[in-house]
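The values are calculated or read from the model by the stated rules, or taken from the named source; none is laboratory data. For clarity, every value in this text was computed on a predicted model and none was experimentally measured. Backbone-built Cβ (ideal geometry, glycine too); neighbour counts: all protein chains shown. Surface accessibility is based on the protein's heavy atoms, side chains included, excluding ligands, DNA and RNA. Shrake-Rupley method; radii C 1.70, N 1.55, O 1.52, S 1.80 Å.
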Amino acid sequence: MSAWHYHSFMLGWMIRLHFSKLQRLALYCHYLPYEGGRGVTNAANFYFGKQPDTLSAEELAIIVAVGRAPRMNSPTRHPERLEVTKKRLLSAYENNQ
């Protein structure tokens, strides 16, 4: 178990060293999990039938909330948990503006 933690730490450290913030964000968006697969673009099409650049802040918060815990924040299985997480993300976003 400790070897896994070490490798996970080293991977995170190496990613920060070798990739810019924009590149790290692109990796995150490309590999963001959701109920039907991976990626923000695929999630936007799956949930809303839209491209990511046309999403509202609330819709984007739903995708990020699902990506943080796809089973726990599933809109079909646990809509109440998704709503709580979405409100928390939108509140954090508004506080940072």
Checklist outcome for this item: Surrounding charge for E35, neighbours by C-beta under 9 angstrom, Lys/Arg +1, Asp/Glu -1, total +2
Item to check | Accessible surface ranking that places the most exposed of V40, V64 first, with a 1.4 angstrom probe | outcome: V64, V40
Item to check | Surface share of carbon and sulfur [accessible, 1.4 angstrom probe, percent] for the chain | outcome: 59 percent
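Magnitude of the Cβ-charge dipole of the chain, K/R +1 and D/E -1, about the Cα centre, nearest 20 debye?
Value, rounded to 20: 280 debye.
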Next on the checklist: Please give me the summed charge of the neighbours of A65: other residues whose Cβ is under 10 Å from its Cβ, Lys and Arg +1, Asp and Glu -1.
Outcome noted: +4
Next on the checklist: Let me cross-check Y31: its accessible surface, 1.4 Å probe, with only protein heavy atoms counted, in Å² to the nearest 10?
Outcome noted: 130 Å²
Item to check | At 1.306 mPa s and 10 °C, Stokes D of the chain from Kirkwood alpha-carbon radius, µm² per second | outcome: 108 µm²/s
Item to check | Whole-number accessible area per residue in Å² for the range 2-97, which is evaluated in the context of all protein chains at 1.4 Å | outcome: 74 Å²
Checklist outcome for this item: Reported to the nearest 10 Å², R88 has, with a 1.4 Å probe, an accessible area equal to 140 Å²
Checklist entry - In what order, largest first, do R81, R16 sit by accessible area if the probe radius is 1.4 Å? => result R16, R81
